[in-house]
Amino acid sequence: MMRTIGTIALCAAFLASSSPAAQAARPPKGKLKIAIAVKDGPTRGGTLHCGPDGGTHPHPRAACDVVRKVGGDFNKIHVPADETCGEEVKPYAVVITGTWRGKKVQWSKGYRNFCVMQAAGGKLLS
């Protein structure tokens, strides 16, 4: 009986004192794949990890800030009413898949041109 109590106490102490190495090994809060395609042009893409921020995205910290601002709900990304992007038509399509805080994410949206896409998603869609 004493041995069992000692083992439980030892396990509790171990779990309570998580080391920095153990904290660094935690999975990110978000793991996303982003693909951006332009009509008659190449498709480019990359990964975005948030919490800690990283991946192959060119601006992971700023991109994760956008994701955190919308709480992982990409339907909240909108083109500002005061955007001044002009009427050029060169369509872009964006697809984002993965997980955000344990929930599956699958989102896609089309934009009439690069400027409008940037106005909506900022560094997330760069």
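Is any residue of segment 61-98 close enough, with backbone N under 15 Å, to a label point placed 7 angstrom from the Cα of VAL38 along the Cα-Cβ axis, and if so, which?
88-94
Mind sorting CYS115, CYS50 by how few other Cβ atoms lie within 10 Å of their own Cβ, fewest first?
Listed from fewest to most nearby Cβ atoms, that is CYS115, CYS50.
Just so you know, all these numbers are worked out from the coordinates, no wet-lab data involved. Everything quoted here is computed from the prediction, not taken from an experiment. So basically every Cβ, Gly included, is an ideal-geometry build from the backbone, and we count neighbours across all protein chains shown.
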